[in-house]
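Below: one structure, written as structure tokens.
The values are calculated or read from the model by the stated rules, or taken from the named source; none is laboratory data. Keep in mind it's a predicted model, so treat the numbers as computed, not measured. Note that we place each Cβ from the backbone using ideal geometry, even for glycine, and neighbour counts take in every protein chain shown. These accessible areas exclude ligands, DNA and RNA; they are computed on the full protein's heavy atoms, side chains included. Shrake-Rupley method; radii C 1.70, N 1.55, O 1.52, S 1.80 Å.
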Amino acid sequence: MKICPGCKRLHRDTYTDCTECGKPLRGIERDNEETYLVTAEGFEREHIRAALEDEGIPCVPRFRNDMYSSDEVTGKGTSLAEINVPFSAYPKAYDTCVMIGSIDPQTPLTFDMEEAEKICREIGEKNKDKIREDMSPSKRTTYKVLGAVIFLLLVAAVVLGTDFITAWIKGLLGG
Ligand SMILES: [Zn+2]
């Protein structure tokens, strides 16, 4: 899997130069490497941004100088922008765009989606391990003890609360 350092488009390893801008391709260096997702304009762009946000995927719209329309210059914000997402979220972001109709799944890709999915799954597993390591045994014990204390407090609150209410009702009835 390769990426274009210029326009951030993914490519198969068999490519040496970007099919979009001609820059020499390189390997993916970081899990959150900015990756080109889709080109969109105006409302569509906002629609995609909202859909990605709903999925918890951060996105960056990049306006390309050669894409500026007169409207964008006058501040109406309707020019084309390329929407980029972190590489590790790419397959999910792609699926989201297909679901809302912003990407046609029939459009041929310059890379292998299955390979991208595999790499992203591995990134996900790696991060899960990291979270597990962060949750060290001593920390886990602390959480268990805290949980037990909170449970006992809740039980006490219920028991004492019932006693208090019973006494109050008895008082009301003049007992
Ligand atoms: Zn490129």
Checklist entry - Out of the residues in the stretch 110-134 that are open to solvent by less than 40 Å² (accessible area, probe 1.4 Å) and over 19 Å from residue 15 (Cβ atoms), which is modelled with the highest pLDDT? => result 120
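Could you list, in sequence order, all residues of the stretch 1-36 that are in a strand (DSSP E or B) and away from the ligand (no atom under 14 Å from the Cβ)? Steps first, answer last, please.
Residues of the stretch 1-36 in a strand (DSSP E or B): 2-3, 10-11, 17, 24, 26-27, 34-36.
27, the sole residue that qualifies.
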Item to check | Residue match in the stretch 66-80 (condition: at pLDDT 95 or above, part of a loop (DSSP other than H, G, I, E, B) and open to solvent by 20 Å² or more (accessible area, probe 1.4 Å)) | outcome: no
Item to check | Those residues of the stretch 37-48 which are open to solvent by less than 80 Å² (accessible area, probe 1.4 Å) and in a strand (DSSP E or B), in sequence order | outcome: 37, 38, 39, 40
Next on the checklist: Of the conditions (1) surrounded by 12 or more Cβ atoms within 10 Å (Cβ to Cβ); (2) in a helix (DSSP H, G or I), residue 142 satisfies every one except a single condition; which number is it?
Outcome noted: (1)
Next on the checklist: Which pairs turn up if I take residues in the stretch 1-29 that are under 22 Å from residue 117 (Cβ atoms) and among the hydroxyl-bearing types (Ser, Thr, Tyr) and look for partners that are within 7 Å of the ligand (Cβ to nearest atom) and open to solvent by less than 50 Å² (accessible area, probe 1.4 Å) with beta carbon separation below 9 Å, at least 6 apart in sequence or on another chain?
Outcome noted: 19/4; 19/9
